[in-house]
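Peer 1: One structure, pasted below without further comment.
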Amino acid sequence: MKKVERINTIMRYINNRAHFTISEIMQEFNISRSTAIRDIREIESMGMPLVAEVGRDGGYFVMPNSVLPDVHFTDSEVKALFIAFMATRNQQLPYLKSRQSLAEKLLGLISETQQDDLVLLNQILLFAGTNPYNPDLLDLTDLPHPMLEKLIQLILSDRYLLITIKEEKVIKSYPVYLLHLYHEKSFWLIEGFDLKEETKQIFPVDHLIDVEPYLTKKRSSKKKIVEKLSKQEQVVNLALEFGPKAIAQFKKYHPIKVSISYTNPYQTTAILKTFVNVNRPEEMSEMTNWLLFLGGDIKVREMPEEIFERIQERLCLYYPEGGNT
């Protein structure tokens with residue numbers, strides 16, 4: 001039994017008894033004394049009013065006339081939770097298979113009137129990727145990479161990882177300190193500090209074939225990693241001024257590492273400053289496509305010549321007569 005499930009079960013066990021002992025908890029749930037004591041302390045920290053009885057035969061009891069407060073949701077909170085579930089069920093998120101049980105528990109907490117509202121919302125609202133004839137259907141493309149949940153479980157306890165990647169039929173292993181795990185354009189990406197090369201790297205989770213803790217004793221401390229990253233910070237080489245139309249396009253889509261700063265209170269003009277690695281073909285191609293997506297409502301303050309030339313080439317393809325204007 002997993003810890004969260006065990007804690008919830010123990011809480012129900014305690015709530016149904018006037019008195020209990022550590023030995024009873026150990027026997028009932030087949031756990032050690034230290035684990036039982038830790039679980040009881042965690043339950044106390046969650047707000048259950050337990051009182052310890054002193055003595056050889058002592059135990060615990062729940063304070064009389066004291067119960068855990070019921071959780072009540074307002075109509076708006078219930079709808080917010082449910083719509084959030086609906087909007088993300090086809091988005092390759094981890095723990096997707098647990099969502100059904102979460103939805104059932106949510107329905108069990110609310111009134112019949114609120115349940116009727118949610119059923120109606122489920123019939124009416126459709127989001128990108130939802131099958132209109134069977135909204136609850138999950139396609140294979142909705143499920144995340146099978147290694148994603150294992151990766152998340154590992155990084156909760158240790159961010160020093162040995163990841164094994166398959167790249168064009170070649171298998172390589174990298175010792176990394178995980179900086180971020182993020183989702184962009186339907187892909188999960190690992191941003192990590194390569195402990196051997198001592199540089200920041202991006203690894204697609206789709207290429208991941210194994211991940212385990214990096215157990216070497218020669219780990220760089222987090223402080224040293226941050227210091228090395230700060231020294232490697234790239235100088236801004238792309239600076240753009242945005243008008244309202246470009247801002248609207250930016251809100252529709254932008255790379256996760258790119259942000260804008262508004263330059264007036266009405267948020268109708270903005271400035272973008274970032275670094276583009278012109279030595280990485282994939283990054284160059286992605287940035288070129290995105291800048292064309294933004295449209296003409298931008299002014300260039302600074303731009304790498306390589307990107308400018310690519311944009312010119314693309315414009316000449318689409319507009320042979322006006323590509324150089």
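Peer 1: Can you tell me which residue among Lys217, Lys222 is out of contact with any Gly (no Cβ under 9 Å at 6 or more places or on another chain) and either modelled with pLDDT of 90 or more or under 16 Å from Arg159 (Cβ atoms) (or both)?
Peer 2: So the residue among Lys217, Lys222 that is out of contact with any Gly (no Cβ under 9 Å at 6 or more places or on another chain) and either modelled with pLDDT of 90 or more or under 16 Å from Arg159 (Cβ atoms) (or both) is Lys222.
Peer 1: Still on this structure: When residues of segment 218-250 are filtered for being under 29 Å from Arg301 (Cα atoms) and either of a type outside the set (Phe, Trp, Tyr) or assigned to a strand (DSSP E or B) (or both), how many remain?
Peer 2: Total satisfying the criteria: 21.
To keep it simple, each residue is scored yes or no on (1) touching a helix residue (DSSP H, G or I) at 6+ places or on another chain (Cβ under 6 Å); (2) at pLDDT below 90.
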{"site": "Pro244", "(1), (2)": "no, no"}
{"site": "Gln249", "(1), (2)": "yes, no"}
{"site": "Ala270", "(1), (2)": "yes, no"}
{"site": "Glu282", "(1), (2)": "no, yes"}
{"site": "Glu286", "(1), (2)": "no, yes"}
{"site": "Trp290", "(1), (2)": "no, no"}
{"site": "Lys299", "(1), (2)": "no, no"}
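Peer 1: Here is a follow-up. Lys228 fails exactly one of the following numbered conditions: (1) touching a strand residue (DSSP E or B) at 6+ places or on another chain (Cβ under 9 Å); (2) at pLDDT 90 or above; (3) of a type outside the set (Gly, Ala, Ser); (4) surrounded by 13 or more Cβ atoms within 10 Å (Cβ to Cβ). What is the number of that condition?
Peer 2: Going through the list (1) touching a strand residue (DSSP E or B) at 6+ places or on another chain (Cβ under 9 Å); (2) at pLDDT 90 or above; (3) of a type outside the set (Gly, Ala, Ser); (4) surrounded by 13 or more Cβ atoms within 10 Å (Cβ to Cβ), Lys228 breaks only (2).
Peer 1: Now for a different question. Condition check: in contact with a strand residue (DSSP E or B) (Cβ under 8 Å, 6 or more places away or on another chain) and not in a helix (DSSP H, G or I). Does Leu291 satisfy that?
Peer 2: no
Peer 1: Same structure, new question: Quick one: which of Ile247, Ile209 is surrounded by fewer than 15 Cβ atoms within 10 Å (Cβ to Cβ) and in contact (Cβ under 8 Å) with a residue 12 or more places away in the chain?
Peer 2: Ile209
The values are calculated or read from the model by the stated rules, or taken from the named source; none is laboratory data. It should be emphasised that the depicted structure is a prediction, and the values quoted were computed from it without experimental measurement. Backbone-built Cβ (ideal geometry, glycine too); neighbour counts: all protein chains shown.
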